[in-house]
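We did not get these values from a lab; they are worked out from the coordinates using the rules stated. Keep in mind it's a predicted model, so treat the numbers as computed, not measured. Neighbour counts are summed over all protein chains in view; Cβ atoms, including those assigned to glycine, are modelled from backbone coordinates with ideal geometry.
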Amino acid sequence: MKKIFFYFFALILPTTVAGQTILSNTIPFENGDQITYIFKELPSGKSSEIRYVFDDINDASFVGRFYKEDLVLPIKSPRLGTIGDEVCLGTFEKCSFSPPMKLFDKNIKIGDEWRQSIKVTGQTFISDVSQDVKVVKQEKVRIPLGEFDSFKVVAKGKFKGVTTKGDKFSGTETSELWVGNVSDKLVVLKANYANSFQDKWAIELSRGP
């Protein structure tokens, strides 16, 4: 049973001090802002466009919508640097993460690492996921919008669950994402994902905030 559970979502306004990105508490987007990515299935290279629109940004949460062709799903992050009710990329179904998945603290720097255990509930499955996450390095990354300084974050984990049809599944997964400053906002520039079912995908930012 092939399932993809990794999700990325982190959009926070930074300032830079001595090579370290310090994330502030200020509101990172205005209502109506949006970002667009090119999603590629691997190894086929089949691509599609995915888009996030933010309807209500405040100190407590990010609330908005996710678009892929005719699919429209609500999204909500309970606080900066986490994900709660989002979209599972790969299956493209609405998912909830309990507790919310931590992506970043207010300070992000090389060497940051943490372990997290999360229950992911989708429309067709429930899964327990454990991850070890680490900010491994700072490097330049090139995407369609240009070349940007970025932090590379690697998450390695295991998942085990059951589908709504009663089929059990388990496996391992690895995800890599690069986050950098675009228009004074820290966004995911690109990401790669692979799991033990040989599911693979990649995304790149094609239109920033």
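Worth a mention:
- Annotation: the residues Thr163, Thr172, sorted from fewest to most other C-beta atoms within 10 Å of their own C-beta, follow the order Thr172, Thr163.
- For the stretch 14-207, averaging the sequence separation of C-alpha pairs within contact (under 8 Å, six or more residues apart) and dividing by the residue count gives a relative contact order of 16 percent.
- Here the alpha carbons of the stretch 30-93 define both size measures, Rg and Dmax, at 12.7, 41 Å.
- Fraction of the pair-distance distribution of the stretch 14-207 above 21 Å, Cα-Cα pairs, percent: 53 percent
- When the Cα atoms of the stretch 53-164 are aligned to their principal axes, the ranges along those axes come out at 41, 31, 29 Å in descending order.
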